[in-house]
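First up is the structure itself, then whatever we jot down about it.
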Amino acid sequence: MKRILMALALFIGCGMYAQAQLPQPTPVPAPQPNQPQAKFAVVRINNTLSGPVTMYYRWVWSNNGNVEAGWKKTTIPAGKQWSFWYTYKNNVAKSPDFFVRFDTDRQVGVSFWEYGLGRGAAPDFNDPSFGAIYTIKYSQPQIAELIPISGFSKVVVINRNTTNPF
């Protein structure tokens, strides 16, 4: 019973810590005279590894925990960039938090990590000059990690010992 209570306290504590430390979206600047209004929260991930990376992602509102969309799966080919976006509702520049999971062990082992990523405001989700930009690269010989590239991108490791969500 004591172990169960300790595990529950740890679980609740980790959830509150992770939620309190999540990156906030990039502030949306006021539109300039010839600049279009931001309509999307955008995350771009570059895969610099020699092989594809299967990534699981979802959007979750931090203020109430509502999941905007359940876990989805995509594969980012080697040397390619993948864009994820959320369309702002009612022209209000607010978006849910963005989470990704992937197997960071690029050898035969399995080691899923979950990250919370900052988002960047964009008038067009296809324009590569907007959004929060990250890259997947090796941090150790066989461990791949997400690294922020643009100045306003923020990475928070939520869990270094999670599972495949499917």
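The values are calculated or read from the model by the stated rules, or taken from the named source; none is laboratory data. Computed from a predicted structure; not experimentally measured. Positions of Cβ are generated from backbone atoms using ideal geometry, with glycine treated the same way; all protein chains shown enter the neighbour counts.
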**Q.** Matching residues in region 133-166 - criterion: being within 22 Å of Asp103 (Cβ to Cβ) and small (Gly, Ala, Ser)
**A.** Ser139, Ala144, Ser153
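Out of curiosity, is Val92 among the β-branched types (Val, Ile, Thr) and not in a strand (DSSP E or B)?
Working: among the β-branched types (Val, Ile, Thr): yes; not in a strand (DSSP E or B): yes.
The answer is yes for Val92.
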Q) Looking at region 103-140, which of its residues are part of a strand (DSSP E or B), more than 28 Å from Lys39 (Cα to Cα), touching a strand residue (DSSP E or B) at 6+ places or on another chain (Cβ under 6 Å) and without any contact (Cβ under 8 Å) to a residue 60 or more places away in the chain? A) Phe112, Trp113
Q: Select from region 58-106 the residues that are among the hydrophobic types (A, V, I, L, M, F, W, C), more than 21 Å from Pro123 (Cα to Cα) and within 17 Å of the chain's Cα centre (by Cα) and list them in ascending order.
A: Val60, Trp61, Val67, Ala69, Trp71, Ile76, Phe99, Val100, Phe102
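Specify which of the listed residues (Phe84, Phe99) is in contact with an Asp or Glu (Cβ under 8 Å, 6 or more places away or on another chain) and under 21 Å from Glu68 (Cα atoms). Give the derivation first.
Numbers: Phe84 fails: in contact with an Asp or Glu (Cβ under 8 Å, 6 or more places away or on another chain).
From the options Phe84, Phe99, the qualifying one is Phe99.
In this structure, is Val53 over 27 Å from Ala38 (Cα atoms), of a type outside the set (Gly, Ala, Ser) and surrounded by fewer than 13 Cβ atoms within 10 Å (Cβ to Cβ)? Walk me through how you get there before you give the answer.
Numbers: over 27 Å from Ala38 (Cα atoms): yes; of a type outside the set (Gly, Ala, Ser): yes; surrounded by fewer than 13 Cβ atoms within 10 Å (Cβ to Cβ): no.
Answer is no for this residue.
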**Q.** Evaluation of Asn159 against (1) crowded, with 17+ Cβ neighbours inside 10 Å; (2) touching a helix residue (DSSP H, G or I) at 6+ places or on another chain (Cβ under 9 Å) (one fails), failing number
**A.** (1)
Q: Could you check, for region 74-84, whether at least one of its residues is under 14 Å from Leu146 (Cβ atoms), out of contact with any Cys (no Cβ under 6 Å at 6 or more places or on another chain), part of a strand (DSSP E or B) and free of Cβ contacts under 8 Å to residues at least 40 places away in the same chain?
A: yes
Q. So which residues in region 99-150 are among the aromatic types (Phe, Trp, Tyr), modelled with pLDDT of 95 or more and surrounded by fewer than 19 Cβ atoms within 10 Å (Cβ to Cβ)?
A. Phe112
